[in-house]
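The values are calculated or read from the model by the stated rules, or taken from the named source; none is laboratory data. All values derive from a computational prediction rather than experimental measurement. Note that we place each Cβ from the backbone using ideal geometry, even for glycine, and neighbour counts take in every protein chain shown. Each accessible area value is taken on the protein alone, full model and side chains, heavy atoms only, with ligands, DNA and RNA left out. Shrake-Rupley method; radii C 1.70, N 1.55, O 1.52, S 1.80 Å.
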Amino acid sequence: MKRIVILGSTGSIGTQTLDVVAQHPEELKVIGLAAHSRIDELFAQARAFNVRHVALGDERMAETASAEELKNWIAQTNNAGSKARTSSLSSALSWVEGGRQGTVGFGADAVVELAQLPEADVVVNALVGAAGLRASCAALEAGKVLALANKESLVVGGDLIIPLARELDQLRRANGQAPLYGPAGALMPIDSEHGAIYQCLLGEDAKTVSRLWVTASGGPFRGKTRAELTNITPAQALAHPTWNMGAKISIDSSTLMNKGLEVIEAHHLFAMPYDQIAVVVQPQSAIHSMVEFADGSVIAHLGTTDMRIPIQFALSYPQRWSAPVEPLDFTKLGTLQFEAPDTDTFRALALAYHAGEVGGTLPCVMNAANEVAVAAFLAEKGSYLGIAECVETVMELHESQGVQRVESVEQLQAIDAWARQAANSYIDAQAN
Ligand SMILES: NC(=O)c1ccc[n+]([C@@H]2O[C@H](COP(=O)([O-])OP(=O)(O)OC[C@H]3O[C@@H](n4cnc5c(N)ncnc54)[C@H](OP(=O)(O)O)[C@@H]3O)[C@@H](O)[C@H]2O)c1
């Protein structure tokens, strides 16, 4: 039985992770859940899965009336046997009756603390954005397996996360916690492309890999010209052709920034130089990625477009469990298409390659500027093409001031804050 904490449990990956848990109650037990501000959804999940440790990243939630009542409840449940009932939260509280202790935390620190819950074996990081970096580092530092959906963590702090994962891999081997063959599994990717590459590499000698092929659906605007993208609205950009995902990753998929983030993620996860990581558009999203070897052989991973498969693999490794998913029907699949990505129209992919190759703090800056520009576009404060323009401008500014070597989470947080400010200034200037 693996005891897991899910950070970002109310989101697309979080809820699908709970689906996987519900399918495998003998194998998985959720012991902690965190979200940002959707308190009602979070407590409904806690009640349904009998979870006693929860956190809300938005500390303002502590000031809402219901959260205040919740704090009173925590104080009361610390006395064994007491029952707390309130009108607004009664449904959420029923799962803690009987004097069993629970914790409810507010703010970023509370989310990070949940990543280090002593009883936890695995932390699923399904937060969005650079906000997930501290939790990724904290989980590995505390010896937890990190099942990582939050790709921004690796993009921003891969130079910190990978050494922590390697250290934990060694510890797991020494303690007999790692499988006899294959990777020790301290860091399990949830992203479907990286989960695919991970599986293609099982049993292979990494030194014989000549190239990673990261597949891309091409997003909703595949084949469009820059001129056709001028007046794109958030609703149009959110309509992904093959995957149903959260808002930020949907916009990133449409600009190809998501693919750029994944290239940097692949570089860190598989220690592969950028000139050996290629992106190919595969519009059916049936091939989730491929690995090419020194002898010219290519191993591809195929499957239906259902994120519960890579989520489950990240949690079941080194085993495979059955999954209630529609199997891929090759007779219905028909044609598989492949295209080169259009990096002139979709500048974000080229920017991400550049950021990755320069390395240091440039990917952190790129990511922060992108987060700000995507939020501005979704709030109808910035244009669609303005997203990549904003990212490029802020990256150039950082490069002119001097890219730094990555030293610490605190340094990255300071750089991230600077980049957000620069991106906001750019967006304000464009609006006026
Ligand atoms: N969705 C996919 O199919 C998919 C596939 C591959 C990789 N990913 C990656 O997985 C991550 C999650 O994506 P998603 O699509 O699941 O996002 P999402 O649907 O927007 O969900 C995000 C979750 O994180 C929570 N959250 C956001 N910021 C937080 C903070 N500062 N503190 C605490 N909780 C916070 C949200 O809570 P509230 O609900 O309270 O706001 C929500 O539970 C992203 O890095 C994405 O790139 C997603």
When you check Pro310 against the structure, is it in contact with a Pro (Cβ under 6 Å, 6 or more places away or on another chain) and either closer than 21 Å to Ala147 by Cβ or surrounded by fewer than 24 Cβ atoms within 10 Å (Cβ to Cβ) (or both), yes or no?
no
Exception for Glu262 within (1) away from the ligand (no atom under 16 Å from the Cβ); (2) modelled with pLDDT of 95 or more falls at (1)
Just give me the residues in the stretch 116-134 being more than 10 Å from the ligand (Cβ to nearest atom) and either out of contact with any Asp or Glu (no Cβ under 9 Å at 6 or more places or on another chain) or β-branched (Val, Ile, Thr) (or both), in sequence order.
Leu117, Pro118, Glu119, Ala120, Asp121, Val122, Val123
Could you identify the single residue in Leu201, Leu180, Leu160 that is closer than 23 Å to Ile415 by Cα and either modelled with pLDDT under 95 or surrounded by 15 or more Cβ atoms within 10 Å (Cβ to Cβ) (or both)?
Leu160
Over the stretch 22-52, the set of residues open to solvent by less than 30 Å² (accessible area, probe 1.4 Å), more than 18 Å from the chain's Cα centre (by Cα) and not small (Gly, Ala, Ser) is His24, Leu28, Val30, Ile31, Ile39, Leu42, Phe43, Gln45, Val51
